[in-house]
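Enquirer: The following block contains the structure, expressed as structure tokens.
Since every read-out is calculated from the coordinates, none of them should be taken as a lab result. Remember, it's a predicted structure, so these values are computed and weren't measured experimentally. All Cβ positions, glycine included, derive from the backbone under ideal geometry; neighbour counts span all protein chains shown.
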Amino acid sequence: MNDLGIPAPVTANPVTNGSRVRDEDVRAPRRPPVPGSKPRAQRSCRHATPEPEARAFEVGVEIPRVAHRGVHICHVRRAPASPDPLGERTRAAHDEVEPPEVERLEPNRVQRQERSVALLREPQSLQRPGSHLMSRKRRAIRWVDERRVDVRAREQARDLGSDLLASARAHEPVLDHRGSGFGHRPHSTLSRVVDRRLNYGRDIVAGFVRGIDVRDGLDLGPGLGEDLLAIRRAHPAARLIGLEAHPPYAAALRAKGFEVISLDLEREAIPFPDESIDLIVANQVLEHVKEVFWILHEVARVLRVGGTVVVGVPNLASLHNRFLLAIGRQPTSIANWSAHVRGYTRRDLVALLDKPFPEGFRLAEARGANFYPLPGFLARPAARIWPGAAWGFFGRFEKARAYDGEYLRWPARESLETNFYLGPSAT
């Protein structure tokens, strides 16, 4: 019989080979209370018992123990005293809400932690402020709240992607999420450290175009026109055109005063005469296309001799991609589940431009953009010091001689066993 006058329940004890013994027979002896002291908090599980399954409770109610990150958490119940510091009404109300039996915990960790929080939500008057239970309760509730915030952020990102797709179908202008890291997992550890806006090298493109003469500029896939705005600031009198097939971006470009031409870059010709453009920008475009020879053919055709091509691509040889390959993982710049279909390094991009069109383009300037996994204030100097290991490669190429269709003749000359599009006459 316990301190409340209720007979102790009979349980099976694994130590005694399943024989039925009373809990009071296996209970560790207690020290007599000190006269005049307050009653000690009694735990609902027996820590002194070596067997984990032998649990005896004060009022005959069995509640499973809850583990929070390997830390044992148990209910706290005060022993009756005279006079009762809590009052008979408070203790009676607490006994009424006590569940008669709790089912087994779910295997899922989140559900298990939420069950822990539910079991720990006792009346505050029954818990000692500053006790170990209070601190563990706060940690458990904070952990569950953080997981809920992360789940809500992921749901918001999925909703944002759905809104972006719906607005594109409805031909409505939308915000540009490419420069802000849209498409990456929100609230991930990497997203909290790196600045993904540096991937697009807006300051690098602005520096490339600042010292050249531009009367007619062309941007392949300008998005919302960040690079076109940089060219406009450097050359206010220049005619700037964007080749943009995405209707929301095209509408936003027109609202900013840019001339927009909508066409399929991999199948249609750029509607300008030969050697009529001074500057062409292809920032984060070439990794998305298969028909690279057709695109290079059109670029070399419309660009005048002495003109400039600014190319920005993700760097397959970046430091983080080298590490991923070393441990047998796919590089992020050429993930097969993404929109990227080509991978580039600095040497490979130069070879792509030079081998079919020898001495046609000369690399005048090269820069690296961003440096994973460093934060922004460290990524900029690291990319300048070691551009070959930066996240992205940016090059400024100058056209050195006249073009005569070399890019279209290259696949047949090298017997490339791929069905490349080489223009309407070839089909």
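Enquirer: Residue 305: within 21 Å of residue 412 (Cβ to Cβ) and among the β-branched types (Val, Ile, Thr), yes or no?
Expert: no
Enquirer: Those residues that are within 25 Å of the chain's Cα centre (by Cα) and either basic (Lys, Arg) or surrounded by 21 or more Cβ atoms within 10 Å (Cβ to Cβ) (or both), I need them from segment 375-405; list them, please.
Expert: 379, 380, 383, 390, 391, 392, 393, 394
Enquirer: From (1) under 30 Å from residue 373 (Cβ atoms); (2) buried (at least 20 other Cβ atoms within 10 Å of the Cβ), pick out the condition that doesn't hold for residue 317.
Expert: That leaves (2) as the condition not met.
Enquirer: If you scan segment 201-220, which residues turn out to be in a helix (DSSP H, G or I), under 30 Å from the mean Cα position of the chain (by Cα) and among the charged types (D, E, K, R)?
Expert: 202, 203, listed by residue number.
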